[in-house]
1. Given the criterion polar (S, T, N, Q), surrounded by 17 or more Cβ atoms within 10 Å (Cβ to Cβ), at pLDDT 90 or above and within 17 Å of ALA20 (Cβ to Cβ), identify the matching residue among SER301, SER267.
2. How many residues are more than 21 Å from GLY271 (Cα to Cα) and in contact (Cβ under 8 Å) with a residue 40 or more places away in the chain if we restrict to region 128-149?
3. For region 66-145, which fully contained helices (runs of 4 or more DSSP H) count at least 3 residues that are touching a strand residue (DSSP E or B) at 6+ places or on another chain (Cβ under 6 Å)?
4. Any idea how many residues of region 27-61 are under 17 Å from GLY140 (Cα atoms) and of a type outside the set (S, T, N, Q)?
5. Of all residues in region 275-298 being buried (at least 21 other Cβ atoms within 10 Å of the Cβ) and not in a loop (DSSP other than H, G, I, E, B), which is farthest from the chain's Cα centre (by Cα)?
6. Six or more apart or on different chains, Cβ under 8 Å: which pairs go from a residue in region 225-251 that's closer than 13 Å to ASP194 by Cβ to one that's modelled with pLDDT under 90 and surrounded by fewer than 14 Cβ atoms within 10 Å (Cβ to Cβ)? Could you list them?
7. Cβ-Cβ below 6 Å, separation at least six or inter-chain, first residue in region 169-188 and within 18 Å of PHE200 (Cβ to Cβ), second assigned to a helix (DSSP H, G or I) and charged (D, E, K, R): which pairs?
8. With the requirement that a residue be more than 23 Å from ASN155 (Cβ to Cβ) and among the aromatic types (Phe, Trp, Tyr), what does region 98-135 give you?
Amino acid sequence: MLEDKIILGFETSCDETAIAIMRNDELLVNKISSQIDLHEKFGGVVPEVASRAHAEMIRNLLHSALNEGGVELSEVDVVASTDGPGLAGSLVVGYNFAKSIAWSLEKPFLGVDHMVGHLSAPLIENPSLKPPFLSLLVSGGHTQIVLVEEWGKYNLIGTTIDDAAGEAFDKLSRYCGFGFPGGPAIQKIGDGGDETKIDFPRPKTSNKFDYSFSGLKTAAIYYLQGLPDDQPISKKDFAASYQEAIVDSLMSIFEKAVKETNVSTISGGGGVMANSRLREKLMIFAENENKDLLLPSPKLSTDNAAMICIAAKNNLITNDLGLEDIRLSSIIS
């Protein structure tokens, strides 16, 4: 059993260099170095720039994390790191750095699936979260509905057939020049706008639990291109209407899945789960349907290493695997 052990976790799947340290149920430190300033001028993440930034930052961030957590490197019992999915160059930096530390310390190393990390993130603040439950995972690269029958047994019942929700935000924001990342930029611009002003489509798919956002993004671009010069649309109303279309699409399908699976607990994770409108609608739905809603805080919804630590710890304890070199089960097979 994993008792009184210190887990050192790394997350470098995209453009956030993140390191966390957890002792038992206590999160000692959760450090995140953002690369937003590096990628903002490109309107999106440039893989080569991201991987170089990880390589430049990771050593100093580790020393900072150890100092802040009051932990000596020699005290670490388990090392864990994201091993996918994500940008290959970014993943290699964190994964190899973490595995080298484990090797030098002669400690066990665990590779953690990025989406399992997001799935496990609510446990950090909500240790009462127990299967079965249904989770809505929404990030820059993934939109998934996952039925967690038990820890380690994940049933992917819905996914996106094209763009993920985060991509739909980012791509339109880049087209409009709203800023990067697209989700927070559109939410900020749309704050106080009329979300009913423009009736954007809510795309449907052949599988009732799958998502599609590519058509919505295209419809928004066509709408802008078709506006007469003498009839401009308010940026606030446009952003609010677009955000509402994405949130409505996410909620309508997730609500069907909740009702069909008849779970009593619902959850979620991923960067888009930090969106205040999505969180609001999830809370209203949970209250109306008498469901327990356990979400990570907005800070723990975005990419972070704390979720890697808790996923590693949870897998070790739940499956009683002991401290050996393992890889957590991936949602995507």
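The values are calculated or read from the model by the stated rules, or taken from the named source; none is laboratory data. Note that the structure is predicted; figures quoted are calculated from it, not measured. Virtual Cβ from ideal backbone geometry, glycine too; neighbours counted across all protein chains shown.
1. Values: SER267 fails: within 17 Å of ALA20 (Cβ to Cβ).
After applying the criteria, what remains is SER301.
2. Of region 128-149, the ones more than 21 Å from GLY271 (Cα to Cα) are 128, 130-132, 149.
Subset that is in contact (Cβ under 8 Å) with a residue 40 or more places away in the chain: 128, 130, 132.
Number of matching residues: 3.
3. Correct list: 88-105, 114-120.
4. Initially, region 27-61 is screened for residues under 17 Å from GLY140 (Cα atoms), giving 34-36, 39-40, 42-47, 50.
From what's left, of a type outside the set (S, T, N, Q): 36, 39-40, 42-47, 50.
Summing the residues that are under 17 Å from GLY140 (Cα atoms) and of a type outside the set (S, T, N, Q) in region 27-61 gives 10.
5. Filtering region 275-298 for residues buried (at least 21 other Cβ atoms within 10 Å of the Cβ) gives 275, 278, 282, 295-296.
Now drop any that are not not in a loop (DSSP other than H, G, I, E, B), which leaves 278, 282.
On the way: LEU278: 14, LEU282: 16 Å.
The extreme case among them is LEU282.
6. ILE233/LEU227
7. Final answer for the pair search is LYS171/LYS217; LEU172/LYS217; GLY182/ASP170.
8. TRP103, PHE109
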